[in-house]
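Peer 1: Here you go, one structure.
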Amino acid sequence: MPSNTKVEVRRSPRRRRTVSAYRDGDTTVVLVPATFSRAEEKRWVEQMLRKLEAREGRRRPGDRELHERAVELAVRYLDGTRLPDSVRWVDNQNTRWGSCTPDTRTIRISRRVAGMPSWVVDYVLVHELAHLHVPHHGREFWDLVRRYPKADRARGYLEGYSAGSRSEGCAHTGEGEELEVDEIALEE
């Protein structure tokens, strides 16, 4: 568990057969039955923290996995003739889904995309990979992007996400909202 994460254990007299955990900002909340001993509580808290971290790791692939996926997509849809030197997640892109610097063959993908369906992440990667061939958004560029079969669907998803974010405030989970709910039934 990251050292800056606080853990709050909440005991419930009504909870008898389940243990739950979720992230609330920088705090992990673990809900346990009130009947647990301190040793049982400690064991279950550790187990739930490991389970949450594993789930978050699967949902937020690292830079290496992102780069490997980009290379796969470049080979499959763009003839694999221009591969990126670097592909990484970034936290400082709040108005773009991704960016590309063709001269250095560097692609940056906004971490906001990480929680979206894989076919949307793939579209953003293909879009940025196409910039390694064509730096502008002209016809030749869009012809390359459309080689990805779900390009139109993914563009629609991103447009809808953007519209929803504007009308409802921020569409991703922020401070104070529950995130990553996980529950395990206790063995009888």
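The values are calculated or read from the model by the stated rules, or taken from the named source; none is laboratory data. Please read these numbers as outputs of a predicted model, since none were measured by experiment. Glycine also receives a Cβ, built like all others from the backbone with ideal geometry; neighbour counts cover every protein chain displayed. Note: areas computed on protein heavy atoms with side chains; ligands, DNA, RNA excluded. Shrake-Rupley method; radii C 1.70, N 1.55, O 1.52, S 1.80 Å.
Peer 1: With r as the distance between the Cβ atoms of Lys42 and Ser118 and R0 = 30 Å, compute the FRET efficiency 1/(1 + (r/R0)^6) and round to 0.05.
Peer 2: 0.25
Peer 1: Calculate what fraction, in whole %, of the accessible area of the range 1-144 sits on carbon and sulfur atoms when a 1.4 Å probe is rolled over the protein chains.
Peer 2: After summing per-atom areas, the C and S share lands at 46 percent.
Peer 1: Please report the base-10 log of the normalised intensity I(q)/I(0) for the range 1-151, using a Debye sum with one equal scatterer per alpha carbon and no solvent, at each q in 0.09, 0.15, 0.18 (1/Å).
Peer 2: Debye output, listed in q order: -0.44, -0.77, -0.96.
Peer 1: Between Val7 and Thr104, what is the spin-label point distance in nm, taking each point 7 Å from the Cα along the Cα→C-beta axis?
Peer 2: 4.0 nm
Peer 1: Here's another thing I want to ask about it. Please give the FRET efficiency for Ala163 paired with Phe141, using the beta carbon to beta carbon distance and R0 = 22 Å, rounded to the nearest 0.05.
Peer 2: Calculated transfer efficiency: 0.40.
Peer 1: According to a simple spin-label model (label point 7 Å from Cα along Cα-to-Cβ), what is the distance in nm between Val90 and Arg55?
Peer 2: 3.1 nm
Peer 1: Measuring with a 1.4 Å probe in the full set of protein chains, what accessible area per residue, in whole Å², belongs to the range 37-171?
Peer 2: Roughly 58 Å² per residue, with all protein chains present.
Peer 1: Counting DSSP beta bridges with both partners in the range 60-161, what percentage is antiparallel, nearest 5?
Peer 2: The antiparallel fraction comes to roughly 45 percent.
Peer 1: Give the cross-link partners of Lys42 among the lysines, using a straight C-alpha distance below 30 Å as the criterion and excluding same-chain residues fewer than 8 apart.
Peer 2: Here the lysines satisfying the reach criterion relative to Lys42 are Lys6, Lys51.
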